[in-house]
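A quick write-up on the structure given underneath.
Just so it is clear, none of the values below were taken in a lab; they were calculated from the coordinates. All figures in this text were calculated on a predicted structure; none of them were measured in a lab. Every residue, glycine as well, gets a Cβ built from its backbone with ideal geometry; the counts of neighbours run over all protein chains shown.
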Ligand SMILES: *Cc1c(COP(=O)(O)O)cnc(C)c1O
């Protein structure tokens, strides 16, 4: 095994977008048109997303993934006095989306080897107020989603899938987003594709879709349809709370170029993950999550550090030019979402979880370098 001292130090990034001149030109094209709001580019992006997903569902773009989740919850008619069950290990956006809608975010535990929602624990969190469940496609994995839908059917719940990590991946031969009750994507700057910031709601429920379309434009009824015809609503009605959550044409133009490249970007992620799996296979102290890596479009690559203190490992990796991350600090330990019960698996894995660099612009050698650094830190 070659020592790190023999390696030229590399300075890597944990995650980032991957952009080319196509994206830059698309943005300039919109600037030149001097129409920057929600218009033809957003309409085209929505249609292109729909055909990419191969779905009969509607696709509605908004300005962030968090806004997508917030609008999804409100469009389902949830509000004050209702509860939604969410795995504690997720970005705080999932929890904030619920509390923004005045819905109580009820934290539940995760499975130890995937960090996917633990339905046995979810069953313990059911109350007469529970109206929905929000499974998170953690690290792009949603292989057990059918069980969530069985659970939801049994308890009469709606399902809001937080699919922020999983754009471009597949399950059972279909694209993620092909089906589902209400599913939300994020296109923020580090996700599998980006529109700068951005997000989308995908649903086959016509009532929910219309509520979302109106709510992204301050609740102005049918304003989406007007704007897509290059018109505006001057006389209108508003029945529900709305927001300025629409996507702009600048964002959509960027997103459209990224969508053309998504298969290449996702293939690159898959390829890099395979190198990680091979390089780390003999390092028993470092255990990757047990996911279907050949199918999913890995947004993050998460391992558990079993033998050494995770924070010490992170610090040493940082000095070698390798940033690492923690996805995520549990929400049920935050002041706003504190629970009066423990979540044993979450509290165990929170000390072990470590995210290694992953983005399409890493070279094969970069990933091998990360693994060599990790091997040296663990064994040294
Ligand atoms: C990124 C992310 C979100 C929020 O998306 P934004 O576009 O950043 O608002 C929600 N949930 C998860 C799990 C995410 O990773």
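Some observations on this one:
- Just one of the listed residues (109, 181, 121, 162) is buried (at least 20 other Cβ atoms within 10 Å of the Cβ) and within 16 Å of the ligand (Cβ to nearest atom), and it is 162.
- Subset tally (residues that are surrounded by 23 or more Cβ atoms within 10 Å (Cβ to Cβ) and not in a loop (DSSP other than H, G, I, E, B)) for segment 354-366: 1
- Looking only at residues in segment 46-63 that are in contact with a strand residue (DSSP E or B) (Cβ under 6 Å, 6 or more places away or on another chain) and under 17 Å from residue 26 (Cβ atoms), the one that is surrounded by the fewest Cβ atoms within 10 Å (Cβ to Cβ) is 46.
Residue-by-condition table, conditions (1) without any contact (Cβ under 8 Å) to a residue 60 or more places away in the chain; (2) under 22 Å from residue 55 (Cα atoms):
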{"position": "131", "(1), (2)": "yes, no"}
{"position": "141", "(1), (2)": "no, yes"}
{"position": "150", "(1), (2)": "yes, yes"}
{"position": "156", "(1), (2)": "yes, no"}
{"position": "169", "(1), (2)": "no, yes"}
{"position": "175", "(1), (2)": "no, yes"}
{"position": "192", "(1), (2)": "no, yes"}
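- Whichever residue in segment 44-73 is outside any helix (DSSP H, G or I) and within 16 Å of the ligand (Cβ to nearest atom) and, among such residues, is nearest to residue 187 (Cα to Cα): 64
- Some residue of segment 184-200 being more than 16 Å from the ligand (Cβ to nearest atom) and touching a strand residue (DSSP E or B) at 6+ places or on another chain (Cβ under 8 Å): no
- Restricting segment 124-142 to residues that are outside any loop (DSSP other than H, G, I, E, B) and more than 16 Å from the ligand (Cβ to nearest atom) leaves a set whose member that is farthest from residue 164 (Cα to Cα) is 124.
- Any hit, segment 198-211, residues being free of Cβ contacts under 8 Å to residues at least 40 places away in the same chain, in a strand (DSSP E or B) and buried (at least 24 other Cβ atoms within 10 Å of the Cβ): no
- Test: residue in segment 161-174 that is over 10 Å from the mean Cα position of the chain (by Cα) and within 24 Å of residue 75 (Cα to Cα): no
- Take the conditions (1) more than 16 Å from the ligand (Cβ to nearest atom); (2) touching a residue at least 12 places away in the same chain (Cβ under 8 Å); (3) at negative phi; residue 218 misses just one of them, which is (3).
- Matching option when the condition is more than 16 Å from the ligand (Cβ to nearest atom), over 30 Å from residue 62 (Cα atoms) and surrounded by 18 or more Cβ atoms within 10 Å (Cβ to Cβ), among 314, 284: 314
- Considering residues of segment 88-100 that are under 10 Å from residue 73 (Cα atoms) and crowded, with 24+ Cβ neighbours inside 10 Å only, the residue nearest to the ligand (Cβ to nearest atom): 97
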